[in-house]
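S.K.: For reference, the structure I am asking about is given below.
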Amino acid sequence: MPDFESCSLSFPSSFAQVTLRKPLKNEKPCVSWFIGDSLLFKSWDLQKNLSLVWDVQRTTIIGNGNTFISSPEHLSAALLLWHHLCIDIHVSEKTRELPLLDGSARDWLEYLRPRNPFSKELLFYEIEESFQIDFSNGFCIVEPSDTFEVEYSLEQEGFSDSAFVSIYAPEDLISVLNARTFIFENQFNKALAQGLLAGVSENSGLLLRPVKKSEVQVLRNKKLRFEQEILYHKVLDLVGDLSLFVQELPMAKIRIHNGGHIVHHQIFKRLVKYVHSRYPA
């Protein structure tokens, strides 16, 4: 039986199996991603992994041609807590999509934590430069810092808000892992009309209707888990995208306005040269 099964973005049912173990002698801790039993990529194999195609359809899609996996970012963020272990992830060969579960990384965390105590500290790598990325409706500014910090702001469908998050320790990361994915009502209806999000259920995230500039109505009898859950989920996506190939976070202050998976990948490509020397690109 798979460890995890729920709807995914495109399918009413998708599954994944996650196995954690201690490294063997002379083996480096890493995360290995499989489609069925076929290896797609391993973390830390940076030169090979950067040649993979990174695509976006409301989620991260990574692979080559018809060999790809979709929606790995929530799980990859959670696995930062187990950077000391070897982790094998087997994704359904039929769907190639990670199950959405409740739209956050909480279910991954709650299943894995009792079985495998996580590390008492996170891993970070230093960066040495500042840079800015501008795009059509926003920007991103990255600067060196003493830890991983994010100021994320969002303007969509008349909604506007921002959040600031500092991650020093596992407890800081866990607060981000609990934030569920979201979509605004107008965006959801347009996506359905285009034949997208065919697998999404009412349990796999938040459907929002803007009320005021920084206030939303959560539809389908749901409530926010905490006040800034919407922006915290944007931070979760960023953390997951930055940690897909390396189980460390950059010591950087990142300011993003209206960002998404595409700019997250652009940030990582600029930072990868600073990844700890024991994992050369």
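The values are calculated or read from the model by the stated rules, or taken from the named source; none is laboratory data. Source: prediction; values computed, not measured. No Cβ is skipped: glycine too gets one built from the backbone with ideal geometry, and neighbour counts run over all protein chains shown.
S.K.: So, residue 8, is that one closer than 28 Å to residue 187 by Cα and of a type outside the set (A, V, I, L, M, F, W, C) or not?
M.R.: Numbers: closer than 28 Å to residue 187 by Cα: yes; of a type outside the set (A, V, I, L, M, F, W, C): yes.
Considered against the rule, which asks whether it is closer than 28 Å to residue 187 by Cα and of a type outside the set (A, V, I, L, M, F, W, C), residue 8 comes out as yes.
S.K.: Please work out which residue is nearest to residue 251 (Cα to Cα), limiting yourself to the range 164-184 and to residues that are aliphatic (A, V, I, L, M) and either assigned to a helix (DSSP H, G or I) or under 17 Å from the mean Cα position of the chain (by Cα) (or both).
M.R.: The selected residue is 167.
S.K.: Now, a different point. Tally time: how many residues in the range 141-157 are touching a Lys or Arg at 6+ places or on another chain (Cβ under 7 Å) and not aliphatic (A, V, I, L, M)?
M.R.: Here the count works out to 5.
S.K.: Still on this structure, please answer the following. Quick check: anything in the range 136-146 closer than 30 Å to residue 3 by Cα and surrounded by 14 or more Cβ atoms within 10 Å (Cβ to Cβ)? Please lay out each step first, then the result.
M.R.: To start, the set of residues in the range 136-146 that are closer than 30 Å to residue 3 by Cα comprises none.
No, that holds for no residue.
S.K.: Related question: Of the residues that make up the range 121-129, is at least one at pLDDT 95 or above, part of a loop (DSSP other than H, G, I, E, B), closer than 22 Å to residue 171 by Cβ and among the acidic types (Asp, Glu)?
M.R.: The answer is yes, given that some residue of the range 121-129 is at pLDDT 95 or above, part of a loop (DSSP other than H, G, I, E, B), closer than 22 Å to residue 171 by Cβ and among the acidic types (Asp, Glu).
S.K.: Residue by residue through the range 152-184, note down the ones that are surrounded by fewer than 17 Cβ atoms within 10 Å (Cβ to Cβ), on the phi < 0 side of the Ramachandran plot and not hydrophobic (A, V, I, L, M, F, W, C). It would help to see each step written out before you state the result.
M.R.: Of the residues in the range 152-184, the ones surrounded by fewer than 17 Cβ atoms within 10 Å (Cβ to Cβ) are 155, 157-158, 160, 162, 164, 166, 168-172, 175.
Subsequent filtering for residues that are on the phi < 0 side of the Ramachandran plot retains 155, 160, 162, 164, 166, 168-172, 175.
155, 160, 162, 166, 168, 170, 171, 172, 175 - these are the residues of the range 152-184 that are surrounded by fewer than 17 Cβ atoms within 10 Å (Cβ to Cβ), on the phi < 0 side of the Ramachandran plot and not hydrophobic (A, V, I, L, M, F, W, C).
S.K.: Hey, any hits in the range 102-117 for a residue that's aliphatic (A, V, I, L, M), assigned to a helix (DSSP H, G or I), touching a residue at least 40 places away in the same chain (Cβ under 8 Å) and surrounded by 17 or more Cβ atoms within 10 Å (Cβ to Cβ)? If you could, list the steps in order and put the result at the bottom.
M.R.: The initial filter retains those residues of the range 102-117 that are aliphatic (A, V, I, L, M), namely 105, 109, 112.
Pick out the ones that are also assigned to a helix (DSSP H, G or I) and you get 109, 112.
Then drop every residue that is not touching a residue at least 40 places away in the same chain (Cβ under 8 Å), which leaves 109, 112.
Narrowing the set further to residues that are surrounded by 17 or more Cβ atoms within 10 Å (Cβ to Cβ) leaves 109, 112.
Looking through the range 102-117, at least one residue is aliphatic (A, V, I, L, M), assigned to a helix (DSSP H, G or I), touching a residue at least 40 places away in the same chain (Cβ under 8 Å) and surrounded by 17 or more Cβ atoms within 10 Å (Cβ to Cβ).
S.K.: Right, here's the next one. Using the structure shown, decide if residue 148 is under 30 Å from residue 22 (Cβ atoms) and of a type in the set (Phe, Trp, Tyr).
M.R.: yes
S.K.: Could you identify the single residue in 130, 76, 70 that is touching a Pro at 6+ places or on another chain (Cβ under 8 Å), among the small types (Gly, Ala, Ser) and in contact (Cβ under 8 Å) with a residue 12 or more places away in the chain? Steps first, answer last, please.
M.R.: On the way: 76 fails: touching a Pro at 6+ places or on another chain (Cβ under 8 Å); 70 fails: touching a Pro at 6+ places or on another chain (Cβ under 8 Å).
Testing whether each residue is touching a Pro at 6+ places or on another chain (Cβ under 8 Å), among the small types (Gly, Ala, Ser) and in contact (Cβ under 8 Å) with a residue 12 or more places away in the chain leaves just 130.
S.K.: Could you please find all residues in the range 226-238 being touching a Lys or Arg at 6+ places or on another chain (Cβ under 7 Å) and among the charged types (D, E, K, R)?
M.R.: If the condition is that a residue be touching a Lys or Arg at 6+ places or on another chain (Cβ under 7 Å) and among the charged types (D, E, K, R), then 229 is the only one that fits.
S.K.: Does residue 14 meet the test of being at positive phi and in contact with a Ser or Thr (Cβ under 7 Å, 6 or more places away or on another chain)?
M.R.: no
S.K.: Now for a different question. Taking the range 33-66 as the search range and keeping residues that are modelled with pLDDT of 90 or more and over 17 Å from the mean Cα position of the chain (by Cα), which one is nearest to residue 187 (Cα to Cα)?
M.R.: Among residues in the range 33-66 that are modelled with pLDDT of 90 or more and over 17 Å from the mean Cα position of the chain (by Cα), the one nearest to residue 187 (Cα to Cα) is 35.
S.K.: Still on this model: Please work out if residue 100 is more than 15 Å from residue 243 (Cβ to Cβ), in contact with a Gly (Cβ under 9 Å, 6 or more places away or on another chain) and of a type in the set (A, V, I, L, M).
M.R.: The answer is yes for residue 100.
S.K.: Quick test for you: out of 187, 194, pick the one residue that is without any contact (Cβ under 8 Å) to a residue 24 or more places away in the chain, more than 18 Å from the chain's Cα centre (by Cα), surrounded by fewer than 18 Cβ atoms within 10 Å (Cβ to Cβ) and over 20 Å from residue 101 (Cα atoms).
M.R.: On inspection, the qualifying residue turns out to be 194.
S.K.: Those residues that are polar (S, T, N, Q) and either in a strand (DSSP E or B) or crowded, with 18+ Cβ neighbours inside 10 Å (or both), I need them from the range 36-65; list them, please. Break it down into steps so the answer makes sense when it comes.
M.R.: Kept after step one, since they are polar (S, T, N, Q), are these residues of the range 36-65: 38, 43, 47, 49, 51, 57, 59-60, 64.
Once the filter is applied, which keeps residues that are polar (S, T, N, Q) and either in a strand (DSSP E or B) or crowded, with 18+ Cβ neighbours inside 10 Å (or both), the range 36-65 yields 38, 43, 49, 59, 60, 64.
S.K.: Yes or no: the range 210-218 includes at least one residue that is under 14 Å from the mean Cα position of the chain (by Cα), on the phi < 0 side of the Ramachandran plot and either among the aliphatic types (A, V, I, L, M) or part of a loop (DSSP other than H, G, I, E, B) (or both).
M.R.: Just the residues of the range 210-218 that are under 14 Å from the mean Cα position of the chain (by Cα), to begin with: none.
No, every residue in the range 210-218 fails to be under 14 Å from the mean Cα position of the chain (by Cα), on the phi < 0 side of the Ramachandran plot and either among the aliphatic types (A, V, I, L, M) or part of a loop (DSSP other than H, G, I, E, B) (or both).
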